[in-house]
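Following: one structure in structure tokens, then a few remarks.
The values are calculated or read from the model by the stated rules, or taken from the named source; none is laboratory data. As the structure is a prediction and not an experimental result, all values here were calculated from the model. Heads up, the Cβs are rebuilt from the backbone with ideal geometry, glycines too, and the neighbour counts pull from every protein chain shown. The protein model used for the area step is the full one, side chains on, heavy atoms only, and it has no ligands, DNA or RNA in it. Shrake-Rupley method; radii C 1.70, N 1.55, O 1.52, S 1.80 Å.
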Amino acid sequence: MIEAKQALLHALSEAIQEVSPGATVPAAFESPKQAGHGDLAVTAAMQLARPLKKNPREVAQSLIDALGRTPAAQRFIAGMDIAGPGFINLRLTAAAKQAIVAEVLGAGERFGMRPDSGEHVLVEFVSANPTGPLHLGHARQAALGDAICRLFETQGAQVTREFYYNDAGVQIATLAVSVQARLRGLEPGDPQWPDAAYNGDYLADIAADFLAKKTVKADDREFTASGDPDDLDGIRQFAVAYLRHEQDLDLQAFGLRFNNYFLESSLYTTHRVDETVQRLVAAGKTFEEGGALWLRTTDYGDDKDRVMRKSDGSYTYFVPDVAYHIDKFSRGYTRAINIQGTDHHGTIARVRAGLQAAGVSIPPGYPDYVLHKMVTVMKGGQEVKLSKRAGSYVTLRDLIDWTSRDAVRFFLISRKADTEFVFDVDLALAQNNNNPVYYVQYAHARICSVLRTWVDEQQGDLAALAGANLALLTEPTELSLMLDIGEYPAMLDAAAAALAPHDVAFYARKLASAYHSYYDKVRFLVEGDAELTRARLALLSATGQVIRNALAVLGVSAPEKM
């Protein structure tokens, strides 16, 4: 079917040029809103009608006539008709749909993937300062970010996963003071407990290990404690390493590993921030007022100019962000994507303005942002707000411990990032069709069960499925299932272009639903008809492969037994 669609797209492009020479309307197919309207829909007639000064239905008929004369249409199209104001609905031949089975079995785990594009993409996400366990916002970022990375890898991109954090500053100073208070025997609620201190039980664990002079090792740092409660800088370094190690454990439980860790403090020690400010001043994009240095961000669409350097000499938070993204671009990442909470919305315009003002040939719109909303956790019909480990919020590890890695990943990707999400722990544990991850995984397990039965009881050979007579697959549920399978590559392309991994989760549920319907209506192991059995099992094998591929993009496993 992939071959058929590609050939038909080329034929449609030729037909558009025949009807309207020089037209810039792209050749494209859409999925009809109702299955009964056909297999593919074309809207080009309505786009061509105005410049041609013709009725859209008249243009549609001209396109049908031109398309019908092409060899591709004669080979792959069973029928065409006009609907509504000028839609063209196409019905593919059974052979065009059946071909998808062999295409999937031939490509295997590479089905839907594009060859190396040469594009280098950096995705920055989670990026949590090491002040405590990873919270629900970090959990949603981890799910979104890793799925977006995997999506771009299907498009042939070289992807780097980057974690950006600060090991200095006010939050880290508060962390050090909090651990020091624990070392001196204080607890939250004591009269001497610092007002701004963190209260989680994890601080007591850090203090105990510091007193024991332990060594902690994270993915990007290692430190040995002095055991001295007065060694505030040593406490700071130990606490940062300890919590970075804890974050690593959380991320490992989530099945996620970063390629690179970037310290915000390095932007200062390497003078990148100072160099960025000097570049902006030299470009004439700044002015001084009230003892502060301002950037003319309104020149680039911001609603007001922004302070870069305050009157006390310190920089505002968006200045290192500009320096950081100049660094990203200088490392060869022509595409950069940031996964952040919606509270970062205000930084987008000023960071992009700073990058344009710097005059370093960074394209407008760099970087891309995916902003996500909050996650609420429900358990037993009640909202869960507290975690003993964190002290004041539910953590990523809590979700994994209560449910599973697969459930956390699938659930947190299953809705658009910019919508609020309620994570229902009881639903994530349910073993029924209401649980979306169970529903998809169960479809895969069912397929594996049927194939095992054929191999074990009828001495079937899975390798022989590649040579099955696919022309026997003519049942309506079979043709519908094959059409759904054929949508996978285009779905991946569109999801990557839109930074929309939730589309992959939606597709996985749709394909699982199509399979479950097929399972309920057709016998796969047909007594007395080995050829039909092989054909149907080939379709099952192809369906299982695409379910596995889709789940892999989401970072979710595809169990063979449930």
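If I go through region 153-181 residue by residue, how many of them are open to solvent by 40 Å² or more (accessible area, probe 1.4 Å) and over 18 Å from Asn129 (Cβ atoms)?
2
I'd like to know if region 214-230 contains one or more residues that are assigned to a helix (DSSP H, G or I) and in contact with a Ser or Thr (Cβ under 7 Å, 6 or more places away or on another chain).
Quick first cut of region 214-230, residues assigned to a helix (DSSP H, G or I) only: none.
Within region 214-230, not a single residue is assigned to a helix (DSSP H, G or I) and in contact with a Ser or Thr (Cβ under 7 Å, 6 or more places away or on another chain).
Scan region 231-249 for residues that are open to solvent by less than 10 Å² (accessible area, probe 1.4 Å) and within 34 Å of the chain's Cα centre (by Cα) and jot them down. Steps first, answer last, please.
At the first step, the residues of region 231-249 found to be open to solvent by less than 10 Å² (accessible area, probe 1.4 Å) are 234-235, 238-241, 243-244, 247-248.
Scanning region 231-249 gives Phe238, Ala239, Val240, Ala241, Leu243, Arg244, Gln247, Asp248.
Could you give every pair whose Cβ atoms fall below 9 Å, whose first residue belongs to region 186-211 and is on the phi > 0 side of the Ramachandran plot and without any contact (Cβ under 8 Å) to a residue 24 or more places away in the chain, and whose second residue is surrounded by fewer than 17 Cβ atoms within 10 Å (Cβ to Cβ) and part of a loop (DSSP other than H, G, I, E, B), counting only separations of at least 6 or pairs across chains?
Gly189/Asn199
List the strands (runs of 3 or more DSSP E) inside region 319-425, counting only whole elements, that have at least 2 residues being touching a Lys or Arg at 6+ places or on another chain (Cβ under 9 Å).
Details: elements: 335-341, 368-372, 375-379, 382-384, 421-424.
Counting at least 2 such residues, we get 335-341, 368-372, 375-379, 421-424.
What single numbered condition from (1) part of a helix (DSSP H, G or I); (2) over 13 Å from the mean Cα position of the chain (by Cα); (3) within 18 Å of Tyr439 (Cβ to Cβ); (4) in contact (Cβ under 8 Å) with a residue 40 or more places away in the chain fails to hold for Val504?
Tallying (1) part of a helix (DSSP H, G or I); (2) over 13 Å from the mean Cα position of the chain (by Cα); (3) within 18 Å of Tyr439 (Cβ to Cβ); (4) in contact (Cβ under 8 Å) with a residue 40 or more places away in the chain, Val504 fails exactly one: (2).
Within region 73-82, is even one residue at pLDDT below 95 and part of a loop (DSSP other than H, G, I, E, B)?
no
Considering each of Val394, Val425 in turn, give the residue that is buried (at least 16 other Cβ atoms within 10 Å of the Cβ), in contact with a helix residue (DSSP H, G or I) (Cβ under 8 Å, 6 or more places away or on another chain), modelled with pLDDT of 95 or more and not basic (Lys, Arg). If you could, list the steps in order and put the result at the bottom.
Values: Val394 fails: modelled with pLDDT of 95 or more.
Among Val394, Val425, only Val425 is buried (at least 16 other Cβ atoms within 10 Å of the Cβ), in contact with a helix residue (DSSP H, G or I) (Cβ under 8 Å, 6 or more places away or on another chain), modelled with pLDDT of 95 or more and not basic (Lys, Arg).
Out of curiosity, is Asp219 touching a Leu at 6+ places or on another chain (Cβ under 7 Å) and at pLDDT below 95? Steps first, answer last, please.
Numbers: touching a Leu at 6+ places or on another chain (Cβ under 7 Å): no; at pLDDT below 95: yes.
Criteria not met by Asp219.
Could you list, in sequence order, all residues of region 145-176 that are touching a residue at least 40 places away in the same chain (Cβ under 8 Å) and of a type in the set (A, V, I, L, M, F, W, C)?
Correct list: Ala147, Ile148, Leu151, Phe152, Ala157, Phe163, Ala168, Ile172, Ala173, Leu175, Ala176.
Check whether at least one residue in region 545-559 is over 22 Å from the mean Cα position of the chain (by Cα) and hydroxyl-bearing (Ser, Thr, Tyr), and report yes or no. Break it down stepwise before answering.
The initial filter retains those residues of region 545-559 that are over 22 Å from the mean Cα position of the chain (by Cα), namely none.
No, region 545-559 has no match at all.
Quick check on Arg272: is it open to solvent by 50 Å² or more (accessible area, probe 1.4 Å), more than 19 Å from Phe210 (Cα to Cα) and touching a residue at least 60 places away in the same chain (Cβ under 8 Å)? So that I can check it myself, show each step before the final result.
Working: open to solvent by 50 Å² or more (accessible area, probe 1.4 Å): yes; more than 19 Å from Phe210 (Cα to Cα): yes; touching a residue at least 60 places away in the same chain (Cβ under 8 Å): no.
No; evaluated as a whole, the condition is false for this residue.
Limited to region 507-523, what total is found for residues that are touching a residue at least 60 places away in the same chain (Cβ under 8 Å) and open to solvent by less than 40 Å² (accessible area, probe 1.4 Å)?
Within region 507-523, residues that are touching a residue at least 60 places away in the same chain (Cβ under 8 Å) and open to solvent by less than 40 Å² (accessible area, probe 1.4 Å) number 5.
Give me the residue from region 269-304 that is among the basic types (Lys, Arg) and part of a helix (DSSP H, G or I) and, out of that set, nearest to the chain's Cα centre (by Cα).
By that ranking, first place goes to Arg272.
Any residue at all in region 55-71 that's touching a Ser or Thr at 6+ places or on another chain (Cβ under 6 Å) and either farther than 21 Å from Thr24 by Cα or at pLDDT below 95 (or both)? First the steps, then the outcome.
Within region 55-71, the first condition is being touching a Ser or Thr at 6+ places or on another chain (Cβ under 6 Å), and the residues that meet it are none.
No, region 55-71 contains no residue that is touching a Ser or Thr at 6+ places or on another chain (Cβ under 6 Å) and either farther than 21 Å from Thr24 by Cα or at pLDDT below 95 (or both).
List, please: which pairs have Cβ atoms under 7 Å, are six or more places apart or on different chains, and start with a residue in region 26-41 that is part of a helix (DSSP H, G or I) and end with one that is hydrophobic (A, V, I, L, M, F, W, C)?
What qualifies is His37/Ala83.
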